[in-house]
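Here the structure comes first, spelled out in structure tokens, and everything after it is commentary.
The values are calculated or read from the model by the stated rules, or taken from the named source; none is laboratory data. A quick note: this is a predicted structure, and the numbers were derived from the prediction, not measured. Cβ atoms come from the backbone with ideal geometry, glycine included; neighbour counts cover every protein chain shown. These area figures cover heavy atoms from the full protein model, side chains too; ligands, DNA and RNA do not enter into them. Shrake-Rupley method; radii C 1.70, N 1.55, O 1.52, S 1.80 Å.
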Amino acid sequence: MEDQKIVQRNIALQREWYGEPLGDRVRRLVVAFDVSQAFLAEVLGISAPMLSQVMSGRRAKIGNPVVLARMIMLERKILIPAVAAGNREAMQTALEDVRDARPTVGRDTVPVGAGADDRAVLAVLREVAEDENLGDAADRLDPDFPAIADLLRRAGKNS
């Protein structure tokens, strides 16, 4: 019974720290890229048992910021039109890009929130460009400026 309380506490902490339980985020990636949990762990740079513990709530956090940054990168890659369409080659390329990346976590590399300022920026982008142009610009910027590319994709999807 004590273990169950620890798991519940850890999942509550994950919601607070990461916005939702990490198990939900990881499962979305497994489904979106049609890969095993063990393969995803390799892409993220974490051991499969450690990823399993984080997903189940036996551990509360991902201790390595590079692993978290890779997870965020992979979540953004889901927005690439070819990846979203299930193109196997695009999905494989996205996975390899993330696996080979050496990201840093800083102010400019964390996901942009959905605050009032964010909505205003999205609205301005929609006024000055058409959806497909925003998507094309995002694809071009993604390798070097993933945060800006993510913002352009979200504006293009009218979300």
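Exactly one of these conditions fails for A94: (1) of a type in the set (G, A, S); (2) modelled with pLDDT of 80 or more; (3) over 16 Å from the mean Cα position of the chain (by Cα); (4) part of a helix (DSSP H, G or I). Give me its number.
For A94, the failing item is (3).
Inside the stretch 51-76, can you point out the residues that are under 16 Å from R99 (Cβ atoms) and not β-branched (V, I, T)?
L51, N64, L68, A69, R70, M71, M73, L74, E75, R76, listed by residue number.
Could you say whether any residue in the stretch 51-62 is at pLDDT 95 or above, within 25 Å of K157 (Cβ to Cβ) and either out of contact with any helix residue (DSSP H, G or I) (no Cβ under 8 Å at 6 or more places or on another chain) or β-branched (V, I, T) (or both)?
No.
Restricting the stretch 53-85 to residues that are free of Cβ contacts under 8 Å to residues at least 12 places away in the same chain and farther than 20 Å from R140 by Cβ, which is surrounded by the fewest Cβ atoms within 10 Å (Cβ to Cβ)?
Among residues in the stretch 53-85 that are free of Cβ contacts under 8 Å to residues at least 12 places away in the same chain and farther than 20 Å from R140 by Cβ, the one surrounded by the fewest Cβ atoms within 10 Å (Cβ to Cβ) is G63.
Here is a list: V128, V112, V124, V105. Which entry is at pLDDT below 80, open to solvent by 70 Å² or more (accessible area, probe 1.4 Å) and closer than 24 Å to V26 by Cα?
The match here is V105.
Considering only residues that are open to solvent by 40 Å² or more (accessible area, probe 1.4 Å) and over 30 Å from N87 (Cβ atoms), which ones fall in the stretch 8-49?
Selection gives Q8, R9, I11, A12, L13, R15, E16, W17, P49.
Return the residues of the stretch 47-67 that are out of contact with any Pro (no Cβ under 9 Å at 6 or more places or on another chain) and among the β-branched types (V, I, T); say none if nothing qualifies.
Passing the criteria: V54, I62, V67.
Give the number of residues within the stretch 58-78 that are within 12 Å of V26 (Cβ to Cβ) and not in a helix (DSSP H, G or I).
Residues that pass the stated criteria total 1.
Mind listing whichever residues of the stretch 133-159 are out of contact with any helix residue (DSSP H, G or I) (no Cβ under 7 Å at 6 or more places or on another chain), part of a helix (DSSP H, G or I) and among the acidic types (D, E)?
Matches in the stretch 133-159: D136, D139.
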